[in-house]
Structures are given as structure tokens and as C-alpha cells.
Amino acid sequence: MILEEGCAKMQFFQPSKEREDENAKIEEAGVDLKVMIEEMESIDVPSVFICPISLEPMQDPVTLCTGQTYDRSNILKWFSLGHKTCPTTMQELWDDVVTPNSTLSHLMLTWFSQKYLALKKKLKDVQGRALEILNMLKKVKGQARVRALQDLRQLVASHVNARKALEENGGVALVFNFLGPFTSHAVGSEAIGIIVCLDLSSEVKRSLMHPAKVSLLVDIMNEGTIETKMNCAKLIEMLLVEGNNETVSSLSLLVGLLRLVRDKKHPNGVVSIGLILLKKAIICSHESVRSSLISLGAIPLLIELLPSLNNECLEKALYILEVLSTLPEGRMALKECPNIIPNVVKLLMRVSERCTQFALSILWAIYKLAPEECASKAVEAGLAAKLLLVIQSGCNPVLKQMSSEFLKMCSLNYSTSILVSKCMLTTTIQ
């Protein structure tokens with residue numbers, strides 16, 4: 001009685017004609033309770049439908065002599081383990097018969113049927129709405145086009161069915177065509193927001209690699225909101241994965257990535273994604289791209305950012321600097337950065353072994369260019385003590401060997417006693 005009153009309050013009961021129509025639809029679709037439960041696993045289910053043992057919706061509710069209801073498979077498993085009690089009340093069972101709870105079964109079927117049909121209708125409506133917007137986009141212009149693209153972006157970002165409707169009805173090509181030479185930033189931002197949600201073919205990716213498209217993408221990224229910047233960055237990452245050297249060598253792309261890295265309005269996510277893309281661009285590019293980055297001022301920019309970066313970004317920035325230091329112009333640019341040696345020395349043994357290795361490689365590159373000047377500044381900044389820490393630590397042998405050789409090089413300009421004092425060690429250790 002209590003159960004029925006509670007269910008009535010939850011509006012489980014409908015006029016008999018509606019219930020018959022709904023049940024007929026479910027029967028016609030050939031969907032049973034188990035399938036509906038599985039397909040709607042993310043929805044909130046009333047607690048009265050939950051089995052106290054598994055905490056999952058019941059598929060075959062049965063009631064014990066204590067009045068407690070469980071899913072049949074769960075309570076039978078409980079009995080098979082030798083239990084003779086009710087799992088909820090822990091009462092001894094005076095009767096081990098399990099009685100099918102047909103009332104609850106019917107209520108569950110009715111409730112899940114309503115939700116299932118509503119879900120299917122919603123999915124159908126989503127597909128219909130996506131197709132409606134696609135047809136609208138073929139006709140409208142200006143702000144009407146921007147609004148239609150906004151609606152479509154929200155749909156494809158939230159619903160798999162909307163993305164499927166686009167991909168199966170020429171929507172990808174339609175949206176892609178909006179990225180043309182006269183595209184406004186408003187239209188371009190929305191179009192890119194849609195494209196990054198879709199499963200792009202190799203043909204579409206190759207089309208996006210056209211220099212004009214890359215240039216437009218960078219322009220939109222530079223001027224856009226944080227959301228637009230992130231969407232553009234995702235699309236650039238997809239293109240870099242393709243490994244197209246023409247795309248990577250685009251000066252406008254490199255400039256755009258450096259602007260991402262120096263973005264002070266959004267220092268967290270944007271700077272991080274900018275460093276990730278710069279790293280990928282360096283990995284999959286030729287020496288000419290690295291030379292271009294150096295000429296665009298990547299080295300002083302990254303050196304300036306080092307003190308403000310978190311550990312994850314710091315490792316990426318040091319990696320990029322290490323790669324650029326392999327070029328003569330990269331070493332010269334490093335040497336000309338003010339306070340670079342003390343700032344890099346501070347990073348040794350501070351974050352991770354990889355960061356220490358990158359930092360040491362950068363110092364080594366500067367040392368090759370100006371041995372005496374580098375050694376003097378590095379020792380004054382406390383390099384010798386840091387190198388001894390590396391040698392005595394559990395770092396990899398290559399890093400230890402590099403530290404040992406660097407320490408020998410630095411010691412050439414100092415007497416033993418002065419070097420020891422620079423290491424802040426006692427004469428006993430000497």
C-alpha cells in the first residue's frame with residue numbers, strides 16, 4: 001500500500017489509454033526492461049527501483065517474507081553463499097520463498113518506458129534539428145548565419161547523434177566551406193568549433209593544411225576568446241599530427257603559436273597548449289623551422305617565461321630551448337639573453353631529472369660559445385654545488401657524466417680552494 005501511494009505521488013500511473021498506447025510502442029520496438037536499463041544507465045533512478053544488494057536497478061524484483069524486495073539474481077546469490085537472513089534487516093528468514101513483485105515490475109516497466117520513449121524522441125529531435133540548421137545555413141547570411149552556426153556548434157558538442165547527422169548529410173563539407181578568404185572571425189570561430197567535434201577524413205585535413213586556411217586559422221586564434229583559442233589549438237594539433245611539413249613551416253602558424261605562449265590574459269590553459277604545439281612543431285619539422293622560431297624571438301620569450309611556469313610547462317619550455325640550442329644562432333640567442341645563466345642554474349635539481357638534463361644541455365651550449373664567461377657566471381650562480389648534487393644523486397649515468405665534465409671545465413678557471421668555497425663546502429671535504 002505504501003509502495004503504491006509513493007509511486008502514485010511520483011506520477012507513475014497514467015490514464016489507461018495512454019498507458020496502453022505507450023506499452024504498445026515499447027512492444028512494437030521489441031525493447032525489454034533490461035535493454036532500457038542498460039541504454040539509460042546515466043539517468044537518476046528512483047530509490048524504490050534500486051536493489052539494496054547491488055545498488056543497481058532491479059530487472060526481476062522479488063520480495064522476501066520480511067517484506068524487503070531485491071533483484072532475483074542478487075538475492076539467490078546471497079542464499080547460495082549460505083546466508084539465511086534478510087540482507088537489509090538481518091532477520092532470520094522463517095520462509096525462504098521469493099515472491100515475484102509484479103506490482104513493482106509493472107511500475108518499473110511503465111517508468112522506464114516513459115523515459116525511454118522520451119529519450120528516443122529527444123535523439124530524433126536532435127537529428128532533425130541538426131538537419132534543419134544545415135538547410136538553414138545554405139540560405140542565410142550575416143548574423144543569421146552566425147546564430148545558426150552557434151546553435152549547430154552547441155548541438156554537435158553535446159550530442160553524438162547531431163555529429164552523426166552532420167557527417168552523413170554533407171554537413172562537414174558545408175561547414176568547411178565557410179572557412180574561405182572572406183570569412184568573418186565570428187563565422188570562422190563557430191565553424192572551427194564545429195569542425196573540432198567531428199571525425200575528419202584525411203581529405204578534409206589535407207584541405208585544412210592549405211596555407212590560406214592555416215593563415216585564417218591563426219588569425220581567428222589570435223583574435224578569439226579563450227574557447228576559440230582552445231578550439232583553434234585543437235585543430236592545429238590535428239594538423240600537426242598529420243606531419244605535413246608545409247603546414248609546420250608556415251610563418252603565420254609559428255607566429256600564432258608564439259602568441260599563444262605569451263598570452264597573459266589566459267596564462268594557464270592557453271600557455272600550456274601553446275607550448276605543447278610548439279614542441280610538436282619542433283619534433284616534426286626540419287632545421288629551417290627551428291631557425292624561423294629563433295629569428296621570431298622564441299628564445300628570449302621562453303627565457304622570460306621560465307620563472308612563471310608550472311613544472312609541466314617548464315619541462316616543455318626547457319625541451320624547446322634545448323632543441324633550439326643545437327643551432328649556432330640558437331646558442332648566440334641564448335648567450336645574449338640577460339641573466340640566462342643564473343636563471344637556468346636555479347632550475348638544476350629543482351623540478352625533475354628531465355628538467356635538470358635540459359637545463360644542463362642549455363648551459364653546455366652557452367659554454368661552448370663563451371667558455372670563460374659562462375664558467376665564471378655559472379660558478380658565481382652556484383653551479384658547482386648543483387653539479388656535485390647531480391653527481392651524488394641517483395640520476396642516470398649520462399647526466400652524471402655530463403655534470404662531472406662540466407665541473408672539470410669550470411674548475412679550470414679557479415683554484416681548488418676557491419672552487420670549494422664557491423660550492424659552499426668545507427676544507428675537510430676538499
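The values are calculated or read from the model by the stated rules, or taken from the named source; none is laboratory data. Here the structure is a predicted model, which is why all the values come from computation and not from measurement. Here the Cβ is made from the backbone with ideal geometry for all residues, glycine too, and neighbour counts use every protein chain on show.
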Could you list all residues from the range 76-121 that are polar (S, T, N, Q) and in contact with a strand residue (DSSP E or B) (Cβ under 8 Å, 6 or more places away or on another chain)? 85, 91, 99, 101, 105
Quick check on my filter: what residues within the range 144-172 are over 24 Å from the mean Cα position of the chain (by Cα), surrounded by fewer than 21 Cβ atoms within 10 Å (Cβ to Cβ) and in contact (Cβ under 8 Å) with a residue 24 or more places away in the chain? 145, 146, 169, 170
Residue satisfying all of: in the range 309-352; within 27 Å of residue 393 (Cα to Cα) and of a type in the set (Gly, Ala, Ser); surrounded by the most Cβ atoms within 10 Å (Cβ to Cβ) among these: 325
For the range 304-319 the number of residues that are polar (S, T, N, Q) and either in contact with a Phe, Trp or Tyr (Cβ under 8 Å, 6 or more places away or on another chain) or under 14 Å from residue 356 (Cα atoms) (or both) is 1
Residue that is touching a Pro at 6+ places or on another chain (Cβ under 8 Å) and modelled with pLDDT of 90 or more, where the choices are 317, 333: 333
Inspect the range 66-75 for any residue being at pLDDT 70 or above and charged (D, E, K, R) and give the result as yes or no. yes
Could you please let me know if residue 322 is in contact (Cβ under 8 Å) with a residue 24 or more places away in the chain, acidic (Asp, Glu), within 17 Å of residue 347 (Cα to Cα) and touching a helix residue (DSSP H, G or I) at 6+ places or on another chain (Cβ under 7 Å)? yes
Selection within the range 195-215 - assigned to a helix (DSSP H, G or I), over 25 Å from residue 158 (Cα atoms) and not hydroxyl-bearing (Ser, Thr, Tyr): 203, 206, 211, 212, 213, 214
Within the range 53-88, of all residues that are in a helix (DSSP H, G or I) and not aliphatic (A, V, I, L, M), the one surrounded by the fewest Cβ atoms within 10 Å (Cβ to Cβ) is 80
